[in-house]
Each structure stands twice: as C-alpha cells, then as structure tokens.
Amino acid sequence: MARFRMYPTGEQERQMVRVLRARAVCVAAAYAAVARLKTREANRRKDWCEKTSTLLARTYDVIRFEKLNIKNMTRSARGTAEQPGRNVTQKAGLNRSILAQGRGLLRQRTGHKATGRVEDVPAPYTSLPCSACGWIDKNSRKSQAECVCSSCGFTCNADTNAASNVAAGQGGIPRPRRTAGAGGVTTATSRSSTREPQPKPVGIPLL
C-alpha cells in the first residue's frame, strides 16, 4: 500500500504566512502600547518629583527624609540555582511598587534645590517613640498599623507616628520624656529608656 505525505499547497502556505504576520503585528502593537504607558508613567513620576521638590525647597527651612536603602529594599528574591528564592513573583511586584514611587529621585532633586537644608534621618525604630510625648515602649505598637502610647494614651497610625518622628529628626533616638498632662520634662533615671514604667509596689495588709 502506497504512502502519501500531505504537503500544504501554495495557497495554504500563503494563508499561514498571512496569519503569522498578522499575529506578529498584533504582538508588536501590544508591546509598543505597553512601552508608551511605561514612558508616560515615568514622565509623570519625574514631573511630580520636580514639582514636589520645588515646593519643599521653597516652603521649608529644614527638610528631613527617612534614610532608606532602596537598592537593598528592591533586591531580587530569585536566589541562585543552589538556593532558589521564595515568593519571587510577589517580591518582584513589591519592588516595582517601591521603584514607582520615585523616593530616590525626590530625595536627589530636593537635595539639589535645597542645598545644605536636607537631612537624612535613620530609619530604624522611627515608629517606636511616641510622637506626642516621646515615651519609648515597644508595647505601644499594638499591631502593624496601630500605635497606642502606654504613657500618655496618644493613638494614631504607626506610619503617621513614624513620619512625625522623622519630621522632628528623631530616628529612634530617645527624647526627653514629658509627664503626661503636665507639659514638663521628667528627670533622667537609671531605668532603661525602652522599659515601660513599672508601678510602685504596695504592701498588702495582713488580716
């Protein structure tokens, strides 16, 4: 029994070429559209950084930024062949979100426009001190977002508390503690500044 191999005819070959060509054109158009959106996003980010840095330089005598190592923050979690990383896709999305905010560009342009008036505040422990009274207690951080001072009862978002401390130039450095409701300053003691004030022992009468 003779065997026959089916080969496409000339018309079928031309049709396949047209389909592949149309598909390539669609893919190229999609890539071009994405590239235009990325360019527009970058231009808007640069424009915002320029306008914001100009506003900061004209408005404030001293400008403080939280000192963040963006290069380390956006490091890839891919790992190596011997030790592959975990949650690589999620970390890549987080990296894109951090870079899209333009923190580094804003700090750079503000430094150019306000020479000698820009300070970097160390990032660690900025959310630990109370921005209202200066009391430092790790138990004041009730959750990732909530901060309730164990001394004066001041309540706010933890990020807002950290931003206030950065604006005051207090990068996790203990400030003089003020007595709640009195407005004065407590005297220094030998107790650790990060320890919650302990109640005085009271004797229990024997019956």
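The values are calculated or read from the model by the stated rules, or taken from the named source; none is laboratory data. Everything numeric in this text was worked out from a predicted model, so none of it was measured. Counting neighbours? That spans all protein chains shown, and the Cβs are built from the backbone with ideal geometry, glycine included. Accessible surface areas use protein heavy atoms only, side chains included; no ligands, DNA or RNA. Shrake-Rupley method; radii C 1.70, N 1.55, O 1.52, S 1.80 Å.
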Original post:
Which of the following residues is under 30 Å from Ala168 (Cβ atoms), open to solvent by 100 Å² or more (accessible area, probe 1.4 Å) and in a helix (DSSP H, G or I): Lys38, Lys71?
Top reply: Lys71
**OP:** Just give me the residues in the stretch 126-153 being in a loop (DSSP other than H, G, I, E, B), without any contact (Cβ under 8 Å) to a residue 24 or more places away in the chain and within 22 Å of the chain's Cα centre (by Cα), in sequence order.
**Re:** Lys142, Ser143, Gln144, Ala145
Original post:
Any chance the stretch 51-61 includes a residue that's open to solvent by 100 Å² or more (accessible area, probe 1.4 Å) and aliphatic (A, V, I, L, M)?
Top reply: yes
**OP:** Would you mind finding the one in Glu82, Glu50, Glu66, Glu41 that is more than 30 Å from Gly116 (Cα to Cα) and in contact (Cβ under 8 Å) with a residue 40 or more places away in the chain?
**Re:** Glu41
Subject >> Out of Ala123, Ala114, sole residue that is surrounded by 15 or more Cβ atoms within 10 Å (Cβ to Cβ) and touching a Phe, Trp or Tyr at 6+ places or on another chain (Cβ under 9 Å) >> reply: Ala114
Subject >> Residue that is modelled with the highest pLDDT, among those in the stretch 81-108 that are part of a loop (DSSP other than H, G, I, E, B) and open to solvent by 80 Å² or more (accessible area, probe 1.4 Å) >> reply: Gln101
Subject >> Single unsatisfied condition, Ala114 versus (1) on the phi < 0 side of the Ramachandran plot; (2) touching a Cys at 6+ places or on another chain (Cβ under 9 Å) >> reply: (2)
